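**Q** Let me give you the structure first, and then I'll get to my questions.
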Amino acid sequence: MEIPGILSIAIFLPFISAVIVAVFLTGKAARGFAVIASALELIVTGYIFVAHRQNGYDFSERITSWFPDSFPVQYFLSVDGISAPLILLTGLLGIVAIFASWNITERTKEHFMWLLLLQGAVIGVFTSMDFLLFFLFWELELIPMFFLISIWGTGRKEYSAMKFLIFTILGSAFMLIGILVIFAGTGTFDMTKISEALPSSNLIMPVGILFLFMSIGFAVKLPVFPLHTWLPDAHTDAPTAASVMLAGVLLKMGGYGLLRVSAGMFPDQLEKYAWVLALLGVINIIYGAAITIRQTDLKRLIAYSSVSHMGFVLLGLSAMGGVTSHLAMTGAALQMFTHGTITGLLFLTIGFIYERTHTRHIPDLGGLARRMPVFTVSFVVAGLASLGLPGTSGFVSEITIFLGAFPAFKLATIIAAFGVVLTAAYILWMIQRSMFGPEKERFAQIGDATAVQVIPIGLLIVSIIGIGIYPAFVSDVFTEGITEMLNMTGAN
Amino acid sequence: MNYADIILIAPEISMALLASMIIIVDLFSSNKKLLAPLSLIGLLVPLCFCIMVRDNPSLGFKGTVKVDDFSLFFKYVIILATGLVILSSTTYAKRFDKHQGEYYSLILLSATGMMLLVSAVELITIYIALELTALPTAALAAFIREKKSAESGIKFLILSALSSAVLLYGMVLIYGFTGTTHLSEIGTVIANHLSTSEQITDNGILLFSVILITAGFGFKISAVPFQMWAPDVYEGAPTPITGFLSVASKAAGFAIILRILYAVFENEALSSDWASMMAVLSAISMSVGNLIAIKQNNIKRMLAYSTIAQAGYIMVGLAAMAGNTTLYTSGPVGILVYLAGYTFTNLAAFAVITAVSEDSGDDSVDSFAGLIKKSPTLAVIMTISMISLIGIPPTIGFMAKIYLFGAAVETNLTWLAVVAVINSVVSAYYYLRVVKTMFIDSPDEGQEIHPKFGVLSAAVIAISGTVFFGFFPKPIIELARDAINTIIG
């Protein structure tokens, strides 16, 4: 059954919960309510995903009378194969983030309020089919993240929060210009109509520049070298929950935008500049991995590894126009999903370990395996998935990208494959140095995961292994969405 | 003058009467607490008259005053701003002791001038209204008996006189060229002249007068390079008055610029010239305002520079007025939407500043440290206001910026839109610094902040408008569109 208004519910459930938390609740009550709200949200997003997968519902909602006709912004929500899995991912990581902040004692209710607002905004980004509404949610997500980093962060948190915000807002500034130019040319903000209307419309700037403007916003978010410098700072200094959301879903907004807008609306441009994407992708992968090896802070290490992993998304996109573009793009989309769960788990585990050891400096750690078996298992599973071990979700997405991108850019794909080797190196080395080795006396008293902490770890491990074994659960949906998009653009 | 004429300016008359009544009540009553509620209730009278005359827009006083949707839009904004300023002055004004009556009546008189200004369609009337606006404001700026405030008042007075002189010179040139002072007739004469004569040199005179007039009004709206007065005056003036200056006087200034540009200089041969001038001034205003604001530690001074930048954003709409063949309307509509939104947003900010400085006795950004712990309501209101000034949803600031920058893109001014969005990014830095101070920095011990009812309700009303119209901007956009449609005739 197609439940009407379910997308609005998915967006406004977290928003309204956030308001309730802010106004009525404090302390543990706020926490409990946030857990219930995010559990409901997981059910709602799960339903959206499954109903779309099984029955192909798109759950369209449209209110056209929101703005005057001369400025036809609509409240237009819809789901397709590209967005459905990402909505599920947001629901999943939303509840994980709530559990990750279980032990927050400072300004508890504010923390949960911002997390819920953040989740609602991200769902809004993935469901909006009106360009301005999309942009509205895109901007809306900034403020919660700014507060999460700058209040509950560590180290140079205020600097990092501001850097995150300025980078993102600069990127989105160009995107706004792009959106307005598209509107001036086509007279519509409806994303489903723009790809048809764009080729025949009279644009006031060269379409190549327009493509660049749009892509910059997404490139900052993904992030693409050389616009990535905000990411290590933001990740390192963010609290655990914010890191999980940042790596898990916020980066995916960039990838989603590249797929939906850069590839979906400007297929010719993307094809023309595919080599740039391939080049940047390779730089991201190799440069990111090379820097990662040198890191001694666990969070910073994972942050740089995200730069490397997002390079694969770029590589997948660069196959645009080729015979294997479906495959490569499905791989790129899948990579976003799997990276969300894997990196989410890594940040989560690191956050929990840090709560106990009070250090993330790798040389100070070591020999934790015996004291923390659960965390060690989750760390190892996430690490192995991150380096693409067969049987985990990381393997599926990377191999799909390689298969898809190889016919288009042989050399780039070969070089990128070496990135996997580097990944193996830094992941294994990191696990070895931090978890194994001789036990240290100063960690003699620390304990393992509590029952509450096992819940989010379990959720993410199940999804990592589950997709590793049965990738079609998600990839079918992506394939359908990407095929539909490519057919519409007439690229294939 | 006849009965119809009186009805036409009934809002202004009632406003002036209200001002006089406040003085009289002040004279005979020792209870100064009455004054603010009385002024607020009294404001309903001009508001009612505005709504009354809405249905029959017409020209009066031998064609010098015009009541139409355009002037009414601004009158609503001015009355709203006046009301909010009076509401947030309720406790602040207590420090003026015996002079509270003068304080309120000067605000009302200045508002009278602004209301007259937005409906004036004749050069001399415009000039008189302008002076009526400026003189009470100068007195208000100097209202606190200390050096800074006196400096603020005298600076405002002198520069105001100077800019009026420049403006008058521009008007004289126009009169010399056309032989009339009525805007509509001036427009016709210029149009006839430009269509019959091949003489380009005559355009030079017209263009020169446009430049002089722009300079005169540039002062009002504190656009670069006529912005020098703003920081000192804003810093020295009583805080609610600073809010009043930044909002109402700017709205009136833009109203009359729009009126003159549309009525007189809409001709294509001229418009392309002044449009590019506006574009350049706009880009400079926002860049200068934002860059200098970054360094400010006094919050009023910071908001003064922010006002300069905001004037730059609004001027994007002026630049976007002139297209290749016809005048575009989305630019001016954007201006009106932006001004209405800015009124809500900025007055919320100034109400919070008033409330905080009442208890901390300090205007520095640092006095906001830890405000979230001391007064969560004020902190949240200030945060939303700052977010709206940056242009982040869900606020009217976001909607208005989209509308204005969209107009720029529509008229091939993409470069200006790019400058404007980059400026928004720069501005995010200093606006968010305030937010950061409120949420993260630890508060001074022993400093309590208890916002009083009046100022708190002003802040709440203003911020409610900011958020409500951020979600549902349609009513404002439609009002603004009707308003603009009446002046393009």
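The values are calculated or read from the model by the stated rules, or taken from the named source; none is laboratory data. Please read these numbers as outputs of a predicted model, since none were measured by experiment. A quick note on method: Cβ atoms are made from the backbone with ideal geometry, for glycine too, and the neighbour counts reach across all protein chains shown.
**Q** Take the range B:451-473 and flag every residue that is in contact (Cβ under 8 Å) with a residue 24 or more places away in the chain and at the interface with chain A (Cβ under 10 Å from one of its Cβ atoms).
**A** Within the range B:451-473, B:GLY470, B:PHE471, B:PRO473 meet the criteria.
**Q** For A:LEU270, all conditions in the list (1) outside any loop (DSSP other than H, G, I, E, B); (2) under 15 Å from the mean Cα position of the chain (by Cα); (3) crowded, with 24+ Cβ neighbours inside 10 Å hold save one; what is the number of the exception?
**A** All conditions pass for A:LEU270, except number (2).
**Q** Let me ask something else about it. With under 23 Å from the mean Cα position of the chain (by Cα) and of a type in the set (S, T, N, Q) as the only criterion, which of B:SER20, B:SER39 stands out?
**A** Selected residue: B:SER39, the only one of B:SER20, B:SER39 that is under 23 Å from the mean Cα position of the chain (by Cα) and of a type in the set (S, T, N, Q).
**Q** Which is assigned to a helix (DSSP H, G or I), modelled with pLDDT under 90 and surrounded by fewer than 23 Cβ atoms within 10 Å (Cβ to Cβ), of B:ALA269, B:ALA283? Steps first, answer last, please.
**A** On the way: B:ALA283 fails: modelled with pLDDT under 90.
Sole residue among the options that is assigned to a helix (DSSP H, G or I), modelled with pLDDT under 90 and surrounded by fewer than 23 Cβ atoms within 10 Å (Cβ to Cβ): B:ALA269.
**Q** Take the range A:159-174 and flag every residue that is farther than 10 Å from B:VAL425 by Cβ, more than 9 Å from chain B (Cβ to nearest Cβ) and surrounded by 23 or more Cβ atoms within 10 Å (Cβ to Cβ).
**A** A:SER160, A:PHE164
**Q** Answer yes if at least one residue in the range B:92-108 is assigned to a helix (DSSP H, G or I), within 19 Å of the chain's Cα centre (by Cα) and closer than 14 Å to B:PRO11 by Cβ, and no otherwise.
**A** The answer is yes, given that some residue of the range B:92-108 is assigned to a helix (DSSP H, G or I), within 19 Å of the chain's Cα centre (by Cα) and closer than 14 Å to B:PRO11 by Cβ.
**Q** Under the condition of being more than 9 Å from chain A (Cβ to nearest Cβ) and closer than 19 Å to B:TYR429 by Cα, which residue from the range B:395-407 is nearest to the chain's Cα centre (by Cα)?
**A** Step by step, filter the range B:395-407, then rank; the result is B:GLY397.
**Q** Additional query: Which one is surrounded by the most Cβ atoms within 10 Å (Cβ to Cβ), of the residues in the range B:408-419 that are more than 9 Å from chain A (Cβ to nearest Cβ) and part of a helix (DSSP H, G or I)?
**A** Here the residue is B:LEU416.
**Q** Just to check your reading of the model, which residue among B:ILE477, B:ILE484 is more than 27 Å from A:ILE149 (Cβ to Cβ) and more than 11 Å from chain A (Cβ to nearest Cβ)?
**A** B:ILE484
**Q** Looking only at residues in the range B:436-450 that are acidic (Asp, Glu) and away from chain A (no Cβ under 11 Å), which one is farthest from A:PHE183 (Cα to Cα)?
**A** B:GLU445
**Q** Within the range B:314-327, which residues are under 24 Å from B:THR343 (Cβ atoms) and modelled with pLDDT under 80? Let's see the steps before the verdict.
**A** Looking only at the range B:314-327, we keep the residues that are under 24 Å from B:THR343 (Cβ atoms), and these are B:314-321.
Of everything in the range B:314-327, just one residue is under 24 Å from B:THR343 (Cβ atoms) and modelled with pLDDT under 80, namely B:MET321.
**Q** Can you say whether B:ILE353 is more than 10 Å from chain A (Cβ to nearest Cβ), in a helix (DSSP H, G or I) and over 16 Å from B:MET286 (Cβ atoms), as far as the supplied structure shows?
**A** yes
**Q** May I pose another question? Return the residue satisfying two criteria in turn: it lies in the range A:175-188 and is at the interface with chain B (Cβ under 10 Å from one of its Cβ atoms) and not small (Gly, Ala, Ser), and of such residues it is surrounded by the fewest Cβ atoms within 10 Å (Cβ to Cβ).
**A** Once the filter is applied, the top-ranked residue is A:PHE183.
**Q** Please indicate, with yes or no, whether at least one residue in the range B:421-439 is within 30 Å of B:VAL460 (Cβ to Cβ) and free of Cβ contacts under 8 Å to residues at least 24 places away in the same chain.
**A** Scanning the range B:421-439 turns up at least one residue that is within 30 Å of B:VAL460 (Cβ to Cβ) and free of Cβ contacts under 8 Å to residues at least 24 places away in the same chain.
**Q** Something else now. When you go through A:LEU42, A:LEU92 one by one, which is the residue that is part of a helix (DSSP H, G or I), in contact (Cβ under 8 Å) with a residue 60 or more places away in the chain and closer than 18 Å to A:LEU460 by Cα?
**A** Only one candidate qualifies: A:LEU92.
**Q** Still on this structure: In the range B:97-142, what residues are aromatic (Phe, Trp, Tyr) and surrounded by fewer than 23 Cβ atoms within 10 Å (Cβ to Cβ)?
**A** B:TYR127
**Q** Next question, about the same structure. Tell me, yes or no, whether the range A:328-339 has at least one residue that is hydroxyl-bearing (Ser, Thr, Tyr) and touching a Leu at 6+ places or on another chain (Cβ under 8 Å). Explain how you work it out, then say what you get.
**A** In the first step, residues of the range A:328-339 are kept if they are hydroxyl-bearing (Ser, Thr, Tyr); the result is A:330, A:338.
Add one more test, that the residue is touching a Leu at 6+ places or on another chain (Cβ under 8 Å), and what stays is none.
Within the range A:328-339, none of the residues are hydroxyl-bearing (Ser, Thr, Tyr) and touching a Leu at 6+ places or on another chain (Cβ under 8 Å).
**Q** Of B:THR377, B:THR383, which residue is among the β-branched types (Val, Ile, Thr), more than 10 Å from every other protein chain (Cβ to nearest Cβ), in a helix (DSSP H, G or I) and surrounded by fewer than 24 Cβ atoms within 10 Å (Cβ to Cβ)? Before you say what the answer is, go through the steps one by one.
**A** Numbers: B:THR383 fails: more than 10 Å from every other protein chain (Cβ to nearest Cβ).
Step by step, each of B:THR377, B:THR383 is checked, and only B:THR377 is among the β-branched types (Val, Ile, Thr), more than 10 Å from every other protein chain (Cβ to nearest Cβ), in a helix (DSSP H, G or I) and surrounded by fewer than 24 Cβ atoms within 10 Å (Cβ to Cβ).
**Q** Right, next: Taking the criterion of being under 15 Å from B:ASN485 (Cα atoms), crowded, with 22+ Cβ neighbours inside 10 Å and in contact (Cβ under 8 Å) with a residue 24 or more places away in the chain, would at least one residue in the range B:39-52 satisfy it?
**A** The answer is no; no qualifying residue exists.
**Q** Pick out the one residue from A:SER38, A:SER60, A:SER78, A:SER83 that is more than 14 Å from chain B (Cβ to nearest Cβ) and touching a Pro at 6+ places or on another chain (Cβ under 8 Å).
**A** Within the list A:SER38, A:SER60, A:SER78, A:SER83, the selection yields A:SER38.
**Q** Check whether at least one residue in the range A:358-375 is within 18 Å of the chain's Cα centre (by Cα), in a helix (DSSP H, G or I) and touching a residue at least 24 places away in the same chain (Cβ under 8 Å), and report yes or no.
**A** no
**Q** Follow-up question, since we're still on this one. Conditions: (1) assigned to a helix (DSSP H, G or I); (2) crowded, with 24+ Cβ neighbours inside 10 Å; (3) of a type in the set (A, V, I, L, M); (4) at the interface with another protein chain (Cβ under 7 Å from one of its Cβ atoms). B:ILE392 meets all but one. Number of the miss?
**A** (1)
**Q** Still on this model: In the range B:421-435, which residue that is touching a Lys or Arg at 6+ places or on another chain (Cβ under 9 Å) and facing chain A (nearest Cβ under 9 Å) is surrounded by the fewest Cβ atoms within 10 Å (Cβ to Cβ)?
**A** Restricting attention to the range B:421-435, the residues satisfying the condition of being touching a Lys or Arg at 6+ places or on another chain (Cβ under 9 Å) are B:421, B:424, B:430.
Filter again for facing chain A (nearest Cβ under 9 Å), leaving B:421, B:424.
Values: B:VAL421: 22, B:SER424: 27.
Restricting to residues being touching a Lys or Arg at 6+ places or on another chain (Cβ under 9 Å) and facing chain A (nearest Cβ under 9 Å), the top hit is B:VAL421.
**Q** Out of A:SER60, A:SER101, A:SER65, A:SER70, I need the residue that is under 23 Å from A:VAL454 (Cα atoms) and modelled with pLDDT under 90. Which one?
**A** Working: A:SER60 fails: under 23 Å from A:VAL454 (Cα atoms); A:SER65 fails: under 23 Å from A:VAL454 (Cα atoms); A:SER70 fails: under 23 Å from A:VAL454 (Cα atoms).
From the options A:SER60, A:SER101, A:SER65, A:SER70, the qualifying one is A:SER101.
**Q** Taking into account only those residues within the range A:61-81 that are under 19 Å from A:PHE189 (Cβ atoms), part of a loop (DSSP other than H, G, I, E, B) and in contact (Cβ under 8 Å) with a residue 24 or more places away in the chain, which is farthest from the chain's Cα centre (by Cα)? Steps first, please.
**A** Taking the range A:61-81 and keeping what is under 19 Å from A:PHE189 (Cβ atoms), we get A:61-80.
Imposing the further condition that a residue be part of a loop (DSSP other than H, G, I, E, B) reduces the set to A:64-74, A:78-80.
After this cut, where a residue has to be in contact (Cβ under 8 Å) with a residue 24 or more places away in the chain as well, the list is A:72-74, A:78-80.
Working: A:PRO72: 30, A:VAL73: 26, A:GLN74: 26, A:SER78: 19, A:VAL79: 17, A:ASP80: 17 Å.
Among those that are under 19 Å from A:PHE189 (Cβ atoms), part of a loop (DSSP other than H, G, I, E, B) and in contact (Cβ under 8 Å) with a residue 24 or more places away in the chain, it is A:PRO72.
**Q** From the list B:ILE372, B:ILE335, exactly one residue is surrounded by 21 or more Cβ atoms within 10 Å (Cβ to Cβ), touching a residue at least 60 places away in the same chain (Cβ under 8 Å) and over 26 Å from B:THR90 (Cα atoms). Which is it?
**A** B:ILE335
**Q** For residues in the range A:305-338 being in contact with an Asp or Glu (Cβ under 7 Å, 6 or more places away or on another chain) and not in a helix (DSSP H, G or I), which is farthest from A:ALA412 (Cα to Cα)?
**A** So, considering only residues that are in contact with an Asp or Glu (Cβ under 7 Å, 6 or more places away or on another chain) and not in a helix (DSSP H, G or I), the one farthest from A:ALA412 (Cα to Cα) is A:GLY321.
**Q** For the range A:99-147: of the residues being within 11 Å of another protein chain (Cβ to nearest Cβ) and outside any helix (DSSP H, G or I), which is surrounded by the most Cβ atoms within 10 Å (Cβ to Cβ)?
**A** Only one residue tops the list, namely A:GLU141.
**Q** Take A:ALA22 and tell me if it is buried (at least 18 other Cβ atoms within 10 Å of the Cβ), more than 23 Å from the chain's Cα centre (by Cα) and farther than 15 Å from A:ILE95 by Cβ.
**A** When the stated conditions are applied, A:ALA22 passes them.
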